[in-house]
1. Out of curiosity, is residue 111 loosely packed, with under 10 Cβ neighbours inside 10 Å and either of a type in the set (A, V, I, L, M, F, W, C) or in contact with a Ser or Thr (Cβ under 8 Å, 6 or more places away or on another chain) (or both)?
2. Within segment 47-64, can you find the residues that are of a type in the set (Lys, Arg) and surrounded by 13 or more Cβ atoms within 10 Å (Cβ to Cβ)?
3. What's the number of the only condition in (1) more than 24 Å from residue 17 (Cβ to Cβ); (2) at pLDDT below 95 that residue 44 fails to meet?
4. In this structure, does residue 139 turn out to be farther than 25 Å from residue 1 by Cβ and touching a residue at least 12 places away in the same chain (Cβ under 8 Å)?
5. If you scan segment 1-12, which residues turn out to be farther than 17 Å from residue 91 by Cβ, hydrophobic (A, V, I, L, M, F, W, C) and in contact (Cβ under 8 Å) with a residue 40 or more places away in the chain?
6. Looking at segment 77-108 only, could you name the residues that are within 12 Å of the ligand (Cβ to nearest atom) and either in a loop (DSSP other than H, G, I, E, B) or within 20 Å of residue 43 (Cβ to Cβ) (or both)?
7. With in contact with a Leu (Cβ under 6 Å, 6 or more places away or on another chain) and under 18 Å from residue 37 (Cα atoms) as the only criterion, which of 108, 68, 122 stands out?
8. Keeping to segment 67-79, report how many residues are surrounded by fewer than 19 Cβ atoms within 10 Å (Cβ to Cβ) and touching a residue at least 40 places away in the same chain (Cβ under 8 Å).
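The values are calculated or read from the model by the stated rules, or taken from the named source; none is laboratory data. Being a predicted model, the structure only gives us computed values, none of them experimental. Here the Cβ positions follow ideal geometry from the backbone for every residue, glycine too, while neighbour counts run over all protein chains shown.
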Amino acid sequence: MTTVLTYGTFDLFHVGHVRLLKRISEFGDHLIVACSTDEFNALKGKKSIFSYAERAEILMSCKYVSQVIPEENWEQKIEDVKKYRVDVFAMGDDWAGKFDFLQDYTRVVYLPRTEGVSTTQVKEVVAAIRAEKKQQLVNAGEHLLSLLKEL
Ligand code: C2G
């Protein structure tokens, strides 16, 4: 069995995440995703929309993923590589070079990110839609008030 390991928050699961998991799953036959816990996200300065349990459930529903474990700190990677007998550690290339220290323990691969999509962008689109809907309600309310004044 060839085991691949990756780490991430994977909030608002999108096609960038899917394409990364698909590509790294092709390096082996057992892909482990270390999903950032809510507590670790806070350390990363991130607040995810979905909880750790929900993000882990979504990841497990992905056909490329064999196993999900919690990512609780920055320091667990060497231990995880040893514990799970990892053959390939892979991340998107926004992390290129950051985990080269793992080369003493396993193969390290960085793959190109999928451009044009990110969890932050999804949040911004949702926020824009909500703002537009709110403005529509305000406009409708003002229109109603003007009609009432004419009565
Ligand atoms: N990713 C990608 N393309 C995107 C967005 C993300 O390939 N459009 C990749 C990232 O490069 C990363 C993985 O998907 O390898 C997960 O991304 P995030 O959920 O943003 O995870 P991140 O905050 O980078 O956490 O210890 C490592 C950290 O936990 C990584």
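1. No; evaluated as a whole, the condition is false for this residue.
2. The answer is 55, and nothing else.
3. So residue 44 meets the others, but not (1).
4. Against the criterion (farther than 25 Å from residue 1 by Cβ and touching a residue at least 12 places away in the same chain (Cβ under 8 Å)), residue 139 does not qualify.
5. Once the filter is applied, which keeps residues that are farther than 17 Å from residue 91 by Cβ, hydrophobic (A, V, I, L, M, F, W, C) and in contact (Cβ under 8 Å) with a residue 40 or more places away in the chain, segment 1-12 yields only 12.
6. First, the residues of segment 77-108 that are within 12 Å of the ligand (Cβ to nearest atom): 77, 80, 89-96, 98-99, 102.
Once the filter is applied, which keeps residues that are within 12 Å of the ligand (Cβ to nearest atom) and either in a loop (DSSP other than H, G, I, E, B) or within 20 Å of residue 43 (Cβ to Cβ) (or both), segment 77-108 yields 77, 80, 91, 92, 94, 95, 96, 98, 99, 102.
7. One residue alone meets the criteria, 68.
8. First, the residues of segment 67-79 that are surrounded by fewer than 19 Cβ atoms within 10 Å (Cβ to Cβ): 67, 69-70, 72-76, 78-79.
Narrowing further to those that are touching a residue at least 40 places away in the same chain (Cβ under 8 Å): 76.
Here the count works out to 1.
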